[in-house]
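To start, the structure itself, in structure tokens.
Only the coordinates and a few stated rules stand behind these numbers; no lab work does. Computed from a predicted structure; not experimentally measured. Neighbour counts run over all protein chains shown; Cβ positions are idealised from the backbone, glycine included.
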Amino acid sequence: MTVVLCIEDEDLLRRDILLELREAGYETLEAPDGDRGLRLIFDSRPDVVLCDIQMPVMDGWEVLRQVRSTPDQTQDMTFIFMTAFADRSDIIAGKGNGADDYITKPIDFDLMLSTIQAQLDKTRRIINGRDAKLQKLETLLSSEQSQLMATREQIQVNLMKLVSALSRAIEIRDPYTAGHQRGVADIAVAIGQDLGLSDMDLCGIEMGALIHDCGKLGIPAEILTFPGRLSEQQFSLVKQHPEIGGSIVADIQFPWPIEKIIVQHHERFDGQGYPYGLAGDDICLEARIVAIADNYEAMSSHRPYRSALKKWRTLEIMREMRGTYFDPQILDPALKVLERL
């Protein structure tokens, strides 16, 4: 029901106005002065305010000023002045300060009711127009968001294709480990899923794992293809591949810690790894996951200098590396995942 507040210091006139309003089906509020009327405006938020101008305590001009100074609370509130002294300059000043209309005294109640209805209709049209514009903007925004989502997904698909291409280039360079990076990626994602990581995080782990050895592109081919155990000098060169890999992707703004995965996947939980001797939580979560997947896949695969280890033996060795090479909080659930593979 539409609520109308009448602010009028003449008791009899206020009573008559309220009676007419109620008979017309409006819910009413009343105040004998501007101060109490203003409190009712902010406490009850009426739809329409009928306000006298000349009143004690606070006049109608001050009521209007304070009402229109808070548009966030009163922008759809209709404000109508009632006065016996409404000359042209007063009307212009009132409307300039935010009054919607004027009713002159003595009050013509039929005119009062038609004025109220006309202003309410005007307000509804404004609100409906605003809602229509808002709906149009929301539809436009939704469409733009859908386009952005599609673009983002396409970028992600293309990025994955580029990463996969780089992964294949690494395998061409180091044929003894063909399929290694794909295997590491699949295992790392399975571990991440078991840990409850988001799809976005899993995508980053997959990409990082697919190119975790990209730094081998900077290692001499004769070392990568050496058919036996490497010498200490040769191995010192191989140990440079995490940093080389990091430099390869350093300028790419991935939404995931790809560079950290590449640089840190040979760090150890106890700080005895390379290249920087990071320990514990200083190694990013994704790199700790990829390190477990990398070691499992490597031990489970054939190498020129040794045969692939049996699954039970691989898991046994990894349990022995708990707390030294690997983060126990990741290794324990990871072992259960690996047992199911």
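For this structure, a couple of remarks:
- The charge dipole of the stretch 3-131, taken about its Cα centre with unit charges on the Cβ atoms of Lys, Arg (+1), Asp and Glu (-1) only, comes to about 500 debye.
- Which of Ile41, Gln117, Ala334, positive extreme of dipole for the chain (C-beta unit charges): Ala334
- Dipole magnitude (debye, nearest 20) for the stretch 269-318, charges at Cβ of Lys, Arg, Asp, Glu: 460
- The relative contact order of the stretch 1-110 comes to 24 percent, based on Cα pairs under 8 Å that sit 6 or more residues apart.
- When the P(r) is computed for the stretch 66-126, the part past 20 Å accounts for 29% of the Cα-Cα pairs.
- Amide proton proximity set for Val49, modelled H, under 5 Å, gap of 5+: Leu5, Thr78, Phe79, Ile80
- The chymotrypsin sites (Phe, Trp or Tyr not before Pro) of the stretch 241-341 that DSSP puts in a loop, and whose beta carbon has at most 13 other beta carbons within 10 Å, are Tyr305.
- Here the stretch 174-340 is treated with +1 on each Lys and Arg Cβ and -1 on each Asp and Glu Cβ, and its dipole about the Cα centre works out to around 740 debye.
- Options (i) -0.55, -0.57, -0.93, -1.15; (ii) -0.48, -0.56, -0.99, -1.17; (iii) -0.35, -0.46, -1.14, -1.37 - which one matches log10 I(q)/I(0) by the Debye sum over Cα atoms at q = 0.07, 0.08, 0.13, 0.15 Å⁻¹ as calculated here: (i)
- Compared with the dominant Cα axis of the chain, that is its longest principal axis, helix 180-194 is turned about 50°.
- Rounded if a/c under 1.5, otherwise prolate or oblate - the stretch 3-131, Cα gyration tensor axes: rounded
- In the chain, helical runs assigned H by DSSP with n ≥ 4 each contribute -39500 (n - 2.57); averaged across all residues and rounded to the nearest 500, the mean residue ellipticity at 222 nm is -19000 deg cm²/dmol.
- Nearest 10 degrees, 0 to 90: helix 285-299 Cα axis against the chain principal axis: 30
- Each label point was placed 7 Å from the Cα along the Cα-to-Cβ direction; for Ile172 and Ile155 their separation is 2.8 nm.
- Tilt relative to the chain, helix 109-173 - C-alpha long axis, 0 to 90 degrees, to 10: 10
- Full extension of the chain between Asp251 and Phe42 gives 69.6 nm of extra length, using 0.36 nm per residue less the Cα-Cα distance.
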